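A.B. asks: Before we start, here is the structure in question, set down as structure tokens.
Nothing in this text is a laboratory measurement; each read-out follows from the coordinates by a stated rule. From a predicted model like this one, the values you see are computed outputs, not experimental measurements. Methodologically, a virtual Cβ is constructed for each residue, glycine included, from the backbone with ideal geometry; neighbour enumeration extends over all protein chains shown.
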Amino acid sequence: MYKINEYFGGKVKSISFVTPEGPATIGVIAGGEYAFDTTFEEHMTITSGDMDVMMPGEESWKSYKEFETFIVPAGASFRVRVTGDTAYRCYYR
């Protein structure tokens, strides 16, 4: 069945599920700045809103809008910031 994940005091929530492409989550992030660690490679697509991302080893933010995707390597940490509620889909490889 589905697993509901909650982080940062409920400001980030996601639902895990399995697709033909593999495991995935659909989630929502409330406005703010957050740091995440990865176990697997993550292919994250913004589905509503926009998100600034600071990738591992980078010193500047890159902005992503609806339907844009970024990839985070496995075993890495990355930061995100959003100004309002932002939704995403994430595939794990």
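A.B. asks: Please tell me if TYR2 is free of Cβ contacts under 8 Å to residues at least 24 places away in the same chain, among the hydroxyl-bearing types (Ser, Thr, Tyr) and exposed (fewer than 12 other Cβ atoms within 10 Å of the Cβ).
C.D. replies: Yes; evaluated as a whole, the condition is true for this residue.
A.B. asks: Any residue in segment 52-74 that's over 18 Å from ALA30 (Cα atoms): show its pairings with residues that are small (Gly, Ala, Ser) and not in a strand (DSSP E or B) at Cβ separation under 7 Å, as long as the two are six or more apart or on different chains.
C.D. replies: As it stands, the answer is PRO56/ALA76, since those pairs meet every condition given.
A.B. asks: Considering only strands (runs of 3 or more DSSP E) fully contained in segment 16-88, which possess at least 3 residues that are surrounded by 14 or more Cβ atoms within 10 Å (Cβ to Cβ) and not hydroxyl-bearing (Ser, Thr, Tyr)?
C.D. replies: Those strands (runs of 3 or more DSSP E) span 22-29, 42-48, 50-54, 77-82.
A.B. asks: Next up: Can you say whether SER77 is hydroxyl-bearing (Ser, Thr, Tyr), in contact (Cβ under 8 Å) with a residue 24 or more places away in the chain and within 14 Å of VAL28 (Cβ to Cβ), as far as the supplied structure shows?
C.D. replies: So SER77 does not fit the description; no.
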